[in-house]
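A.B. asks: Can you keep this structure in mind? I'll have questions shortly.
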Amino acid sequence: MADKKFYSVGKTAKLVGMTAETLRHYDRVGLIRPVKDEWTKYRRYTDRDVIRLNIVSALRSMGIPLREIKTMLDANDIQKLVGEFERALRRADEAIRKLKEAKRRIERVKRYYESKREIPSGGISVKSMPKREILLSEKPLSPSIETLHDYHRHFYAQAGEERKALFSFEDTAGIYEKNGEQRMFAVCIRCPADKNLLTLPCGNYLCAECTDETEKEVAADLLGIAGQKYGVQAPFIVKIIKLTGILQWKYELQIPLDG
């Protein structure tokens with residue numbers, strides 16, 4: 001045994017980030033079989049075993065069952081083995097996509113609660129907003145659990161398969177209202193010319209939070225203040241959707257005061 005480098009169970013567990021009990025379980029099910037020292041009878045792992053254990057760890061993190069992993073590692077058909085790894089990589093890509101989407105939703109909720117610490121609920125304020133390029137939905141589209149779950153997908157689909165790579169969106173959705181017509185929108189980071197593209201001008205906006213139930217009342221108050229205090233007849237209203245929970249949302253009404 002002097003010709004090879006061997007590791008004890010404890011040392012191997014540290015190298016691969018597993019517990020000794022996990023290694024013993026893998027031994028029992030025939031996934032990784034260490035050699036036994038002929039003198040001490042202790043189990044010893046080789047560098048090859050360490051590599052194999054790292055592969056097992058990566059495949060387990062993708063949610064692949066041990067029995068499938070054993071079949072993959074025991075395969076003698078190289079072409080079949082490559083195919084199995086390609087399938088595992090596709091699983092990983094899908095898991096990463098779902099995790100990223102879950103992370104975006106949690107970040108939206110987190111930003112909402114952070115903002116609640118800074119701005120009194122229901123208060124009317126004037127905010128300076130930058131110029132925003134928004135892509136309007138081609139058809140009337142109202143906020144719902146379904147549309148807000150993955151609203152980016154709706155706008156990429158609207159752009160079309162050939163053009164969707166030209167678009168990139170912020171993690172912000174809203175509703176644009178003008179002359180009584182409402183259309184949902186996504187805020188663009190990058191976008192080509194498009195018939196549904198619209199520019200929200202920079203400047204001061206009169207803002208207040210509301211819910212579906214209080215929207216009409218709050219909008220009437222803001223329009224009244226805009227006219228009486230600022231002498232402005234608002235040409236449009238923006239309703240930014242603010243998630244307050246995974247299945248809940250409010251709006252921030254924004255009425256332009258400049259120009």
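The values are calculated or read from the model by the stated rules, or taken from the named source; none is laboratory data. Not measured: the values here are computed from a predicted model. FYI the Cβ positions are ideal-geometry reconstructions off the backbone, even for glycines, and counts take in every protein chain you see.
A.B. asks: Just to verify a result, which residue in the stretch 62-116, among those that are of a type in the set (Gly, Ala, Ser) and part of a helix (DSSP H, G or I), is farthest from ASP171 (Cα to Cα)? So that I can check it myself, show each step before the final result.
C.D. replies: Going through the stretch 62-116, the residues of a type in the set (Gly, Ala, Ser) turn out to be 63, 75, 83, 88, 92, 95, 102, 115.
In the following step, the residues that additionally are part of a helix (DSSP H, G or I) were identified as 83, 88, 92, 95, 102, 115.
Details: GLY83: 36, ALA88: 30, ALA92: 24, ALA95: 20, ALA102: 12, SER115: 16 Å.
Only one residue fits best here, namely GLY83.
A.B. asks: Quick one: which residue in THR19, THR40 is at pLDDT below 85, surrounded by fewer than 15 Cβ atoms within 10 Å (Cβ to Cβ) and either among the β-branched types (Val, Ile, Thr) or within 36 Å of the chain's Cα centre (by Cα) (or both)?
C.D. replies: Working: THR19 fails: at pLDDT below 85.
Every option except THR40 fails the conditions.
A.B. asks: Sticking with this one: In the stretch 196-211, which residues are within 18 Å of LYS178 (Cα to Cα) and out of contact with any Leu (no Cβ under 9 Å at 6 or more places or on another chain)?
C.D. replies: THR199, LEU200, PRO201, CYS202
A.B. asks: Taking PHE169 as the residue in question, decide whether it is surrounded by 19 or more Cβ atoms within 10 Å (Cβ to Cβ) and at pLDDT 90 or above. First the steps, then the outcome.
C.D. replies: Numbers: surrounded by 19 or more Cβ atoms within 10 Å (Cβ to Cβ): yes; at pLDDT 90 or above: no.
No.
A.B. asks: Look through the stretch 68-109, keep the residues that are among the aliphatic types (A, V, I, L, M) and in contact (Cβ under 8 Å) with a residue 12 or more places away in the chain, and return whichever of them is farthest from LEU53 (Cα to Cα).
C.D. replies: First, the residues of the stretch 68-109 that are among the aliphatic types (A, V, I, L, M): 69, 72-73, 75, 78, 81-82, 88-89, 92, 95-96, 99, 102, 106, 109.
Subsequent filtering for residues that are in contact (Cβ under 8 Å) with a residue 12 or more places away in the chain retains 69, 72-73, 88, 92, 95, 109.
Values: ILE69: 11, MET72: 13, LEU73: 11, ALA88: 16, ALA92: 18, ALA95: 22, VAL109: 38 Å.
That would be VAL109.
A.B. asks: Determine if the stretch 205-218 includes at least one residue that is of a type in the set (Phe, Trp, Tyr) and without any contact (Cβ under 8 Å) to a residue 40 or more places away in the chain.
C.D. replies: Of the residues in the stretch 205-218, the ones of a type in the set (Phe, Trp, Tyr) are 205.
Okay, now just the ones that are also without any contact (Cβ under 8 Å) to a residue 40 or more places away in the chain, so none.
Within the stretch 205-218, none of the residues are of a type in the set (Phe, Trp, Tyr) and without any contact (Cβ under 8 Å) to a residue 40 or more places away in the chain.
A.B. asks: Considering every residue within the stretch 91-105, establish whether at least one is in contact with a strand residue (DSSP E or B) (Cβ under 6 Å, 6 or more places away or on another chain) and either of a type in the set (Val, Ile, Thr) or not assigned by TED's automatic domain parsing to the domain that holds ARG153 (or both).
C.D. replies: Step one: list which residues in the stretch 91-105 are in contact with a strand residue (DSSP E or B) (Cβ under 6 Å, 6 or more places away or on another chain), which gives 104.
If we keep only those that are either of a type in the set (Val, Ile, Thr) or not assigned by TED's automatic domain parsing to the domain that holds ARG153 (or both) as well, we get 104.
Yes.
A.B. asks: Collect the residues in the stretch 35-45 that are touching a helix residue (DSSP H, G or I) at 6+ places or on another chain (Cβ under 9 Å) and in a strand (DSSP E or B), keeping them in residue-number order. Even if it seems obvious, please write down each step before you answer.
C.D. replies: So the first thing to find is which residues in the stretch 35-45 are touching a helix residue (DSSP H, G or I) at 6+ places or on another chain (Cβ under 9 Å), and the list is 35, 42-45.
VAL35, ARG43, ARG44, TYR45, listed by residue number.
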